[in-house]
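All remarks here apply to the structure that follows.
The values are calculated or read from the model by the stated rules, or taken from the named source; none is laboratory data. Model, not experiment: these values are computed from the prediction. Positions of Cβ are generated from backbone atoms using ideal geometry, with glycine treated the same way; all protein chains shown enter the neighbour counts.
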Ligand code: GRG
């Protein structure tokens with residue numbers, strides 16, 4: 001079958017997400033039980049088990065199955081990706097960062113447990129993610145060399161070439177938004193981003209989103225393809241698919257920020273068109289941002305065309321779900 005054929009079109013993503021999500025939640029529950037010292041495990045479990053769409057684990061599992069691997073082989077890296085994502089959310093919500101009191105409709109970690117415990121819980125999740133892959137992946141039959149490659153992929157995605165890089169450039173821009181001609185060290189090159197008031201150009205915006213959002217989504221999918229036994233060319237196709245989907249995720253987030261707020265407040269101009277934050281709708285206009293999102297879906301689908309269409313169906317529908325979601 002080909003992409004767009006009945007067998008692919010009939011695929012039920014909602015059912016797939018519910019079923020895989022349930023098993024990911026069970027695996028996370030088992031991986032981080034409530035044990036001594038209870039306070040830190042309670043704090044870790046609060047953020048790890050309290051909801052979330054589980055997009056990163058789904059990407060890992062679907063990419064593993066795409067290259068012919070089984071769900072069990074992907075589960076350790078799927079859980080690790082969610083642990084790393086959770087770690088980043090706990091940090092992001094702290095008073096010294098975004099200072100958010102609510103996450104997924106629940107009080108944030110530091111609000112419930114205090115800053116000291118929240119920071120420790122995030123650090124514990126960070127290191128446990130790798131411990132979990134190292135301890136569990138070979139038990140489900142993944143070759144040691146592939147376990148190491150998966151850990152390399154995941155660790156790189158959250159360090160100073162990944163999440164941290166995106167966050168630090170974002171912070172610099174927020175801090176110096178109003179200064180002109182600030183020089184940043186980007187990709188080992190000196191780049192003059194010339195902040196003209198609120199203007200941050202597309203290149204910088206893309207750098208931030210690729211690192212803050214896309215890189216971990218990419219690492220989840222790529223590590224899934226690695227533990228699934230994918231060949232080098234297949235792994236790189238999965239990487240390009242996930243990079244497009246990662247950027248798409250952020251573009252759509254920006255679009256929703258505008259349209260949701262407009263609908264909720266019954267206004268024509270949404271929050272982000274008025275705020276200081278640089279977003280795709282601000283740089284490209286709402287229609288331009290939608291067009292960009294459409295281009296990214298087509299790019300992602302293009303990468304999947306090289307695989308068996310039935311196996312590619314979950315990733316094909318996941319890209320569409322991310323593109324056309326309403327929240
Ligand atoms: C300390 C190593 C280290 C990293 C932290 C704070 C920080 C550095 C990075 C910020 C990363 C961040 C919060 C990016 C936003 C990512 C994003 C799009 C979150 C929302 O993801 P969803 O929609 O959330 O998948 P759910 O709730 O469904 O899981």
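When you go through (1) at positive phi; (2) at pLDDT 95 or above one by one for residue 132, which number turns out not to apply?
Checking residue 132 against (1) at positive phi; (2) at pLDDT 95 or above, the one that fails is (1).
Being within 16 Å of the ligand (Cβ to nearest atom), in a helix (DSSP H, G or I), farther than 25 Å from residue 124 by Cβ and at pLDDT 95 or above is the requirement here; does residue 73 meet it? Give the derivation first.
Working: within 16 Å of the ligand (Cβ to nearest atom): no; in a helix (DSSP H, G or I): yes; farther than 25 Å from residue 124 by Cβ: yes; at pLDDT 95 or above: yes.
Here the answer is no, as residue 73 does not meet what is asked.
Can you tell me how many residues in segment 165-179 are assigned to a helix (DSSP H, G or I) and modelled with pLDDT under 80? Give the derivation first.
Restricting attention to segment 165-179, the residues satisfying the condition of being assigned to a helix (DSSP H, G or I) are 165-176.
Filter again for modelled with pLDDT under 80, leaving 174-176.
Qualifying residue count for the region: 3.
Exactly one of these conditions fails for residue 152: (1) modelled with pLDDT of 95 or more; (2) near the ligand (Cβ under 9 Å from one of its atoms); (3) surrounded by fewer than 17 Cβ atoms within 10 Å (Cβ to Cβ). Give me its number.
Checking residue 152 against (1) modelled with pLDDT of 95 or more; (2) near the ligand (Cβ under 9 Å from one of its atoms); (3) surrounded by fewer than 17 Cβ atoms within 10 Å (Cβ to Cβ), the one that fails is (2).
Quick one: is residue 86 more than 14 Å from the ligand (Cβ to nearest atom), under 23 Å from residue 167 (Cα atoms), in a helix (DSSP H, G or I) and in contact with a helix residue (DSSP H, G or I) (Cβ under 8 Å, 6 or more places away or on another chain)?
No; evaluated as a whole, the condition is false for this residue.
Do we have any residue at all in segment 100-119 that's under 23 Å from residue 205 (Cα atoms), within 15 Å of the ligand (Cβ to nearest atom) and in a helix (DSSP H, G or I)?
Of all residues in segment 100-119, those under 23 Å from residue 205 (Cα atoms) come to 100.
Retained after the next criterion (residues that are within 15 Å of the ligand (Cβ to nearest atom)): 100.
Narrowing the set further to residues that are in a helix (DSSP H, G or I) leaves none.
Scanning segment 100-119, I find no residue that is under 23 Å from residue 205 (Cα atoms), within 15 Å of the ligand (Cβ to nearest atom) and in a helix (DSSP H, G or I), so the answer is no.
I'm told residue 125 meets every condition in (1) closer than 23 Å to residue 45 by Cβ; (2) surrounded by fewer than 17 Cβ atoms within 10 Å (Cβ to Cβ) except one. Can you identify the failing condition by its number?
Residue 125 satisfies every listed condition except (2).
Can you find, within segment 39-56, the residue that is surrounded by the most Cβ atoms within 10 Å (Cβ to Cβ) among those that are without any contact (Cβ under 8 Å) to a residue 60 or more places away in the chain and more than 13 Å from the ligand (Cβ to nearest atom)? Walk me through it before giving the result.
Narrowing segment 39-56 to residues without any contact (Cβ under 8 Å) to a residue 60 or more places away in the chain: 41, 45, 49-54.
Now narrow it down to the ones that are more than 13 Å from the ligand (Cβ to nearest atom): 41, 45.
On the way: 41: 17, 45: 19.
Filtering segment 39-56 for residues that are without any contact (Cβ under 8 Å) to a residue 60 or more places away in the chain and more than 13 Å from the ligand (Cβ to nearest atom), the one surrounded by the most Cβ atoms within 10 Å (Cβ to Cβ) comes out as 45.
Could you pull out the residue among 246, 224, 203, 229 that is in contact with a strand residue (DSSP E or B) (Cβ under 8 Å, 6 or more places away or on another chain) and at pLDDT 75 or above? Steps first, please.
Values: 246 fails: in contact with a strand residue (DSSP E or B) (Cβ under 8 Å, 6 or more places away or on another chain); 224 fails: in contact with a strand residue (DSSP E or B) (Cβ under 8 Å, 6 or more places away or on another chain); 229 fails: in contact with a strand residue (DSSP E or B) (Cβ under 8 Å, 6 or more places away or on another chain).
Answer to the check: 203.
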